[in-house]
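Any read-out appearing in this document is the output of simple, stated calculations on the displayed coordinates, not a laboratory observation. Given the structure is predicted, the values throughout are model-derived calculations rather than measurements. For neighbour counting, all protein chains shown are included, and Cβ atoms are generated from backbone atoms with ideal geometry for every residue, glycine included.
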Amino acid sequence: MYREKFDLTGSTAFITGGGRGMGLAAAEALSEHGARVIISDMDPLILDAGRNEMAAKGYVVETVLLDVTRPADVTRAADDVNRRFGPVNILVANAGIALPRSPGEDMPDDVWLKVIDVNLNGVFWCCRAFGKHMLAQGGGSIVTIGSMSGAISNKPQEQAQYNASKAGVHHLTKSLAGEWAARGVRVNSVAPGYINTVMSRGGFSNPDYFPVWMENTPMKRVGEADEIAAVVLFLASPASSFLTGSVILADGGYSVW
């Protein structure tokens, strides 16, 4: 009974930022459980590398070149993918960025706008475009990628733009979940802590940052992409059928203190 709840055979999943890191790990997790997976990224080289890595593991994924900050392109991609591959049952809105340290009083306009545009606007454009199709077909599961930074204010780095964008993702998740629950579309979020990905590794070698991060992490280690992918799998699958509007912290305990 319970093993069947993770069976995604016959499902189709679309993953933004799917060429590497947590997105690619999620692609592997969903593929392993039977889903047909389409990964997207705005960088064709990253996208090709991700497809090749999946092929080396025995999985076939489709690819879509997509900049999530362009709403018209996102809508076209959602329409095209649903037409070409059939109904998309799962959306993993994973694409995100973290720009270098920016003290609030000196925050450049372009830094603030870029982070909000990718991390929050891009998630909304994807939820809106794919959500329309899910609502029309009477069901679906959307998994957004938030962050523990949406629940706490990180230290010692100064990153109000990133924290605000991820807090927005969490509240967007809850808001859409409430709107769409009665029509069969669930919307949940994963809130990772410090994860061993390209985006975070620069901080691991920073002597001002990393010791503080580990001091404040009860598990005393960073997470791995597959540990986040496992939560994505749970939220995408029928195993989480009574969850919507949930934000699951996967941060090694960082936010408990």
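Points worth noting:
- Cα convex hull of region 70-178, projected area averaged across orientations, nm²: 7.2
- Angle in degrees between helix 122-137 and the longest Cα principal axis of the chain, rounded to the nearest 10: 20
- Radius of gyration over Kirkwood radius for the chain, both on Cα atoms: the Rg/Rh ratio is 0.95.
- One decimal place: the segment S205-D7 gains 67.3 nm when fully extended, by the rule 0.36 nm per residue minus the C-alpha distance.
- Summing Lys and Arg as +1 and Asp and Glu as -1 over all other residues whose Cβ lies under 15 Å from the Cβ of R76 gives a net charge of +1.
- Dipole magnitude for the chain: computed about the Cα centre from +1 point charges on Lys and Arg Cβ and -1 point charges on Asp and Glu Cβ, it is near 680 debye.
- Peptide ranges 125-134, 3-12, 149-158 listed from the most packed, as the mean C-beta count within 10 angstrom indicates: 125-134, 149-158, 3-12
- Residues M22, M107, arranged from fewest to most other Cβ atoms within 10 angstrom of their Cβ, appear as M107, M22.
- Crossing angle, helix 71-85 versus the chain [Cα axis fit, 0-90 degrees, rounded to tens]: 40
- For region 33-192, lysine pairs separated by 8 or more sequence positions, or belonging to different chains, with Cα-Cα distances below 29 Å total 9.
- Proximal charge balance of V143 [Cβ under 14 Å; K/R count +1, D/E count -1]: +2
- The peptide list 178-185, 38-45, 25-32, put in order of mean Cβ contacts within 10 Å with the highest first, becomes 25-32, 38-45, 178-185.
- Placing unit charges on each Cβ (+1 for Lys and Arg, -1 for Asp and Glu) gives region 98-156 a dipole about its Cα centre, and among G150, M134, V111 the Cα reaching farthest toward its positive end belongs to M134.
- Values of log10 I(q)/I(0), in the order q = 0.16, 0.20, 0.22 Å⁻¹, for region 133-257 under a Debye, Cα-only, solvent-free model: -0.78, -1.09, -1.24
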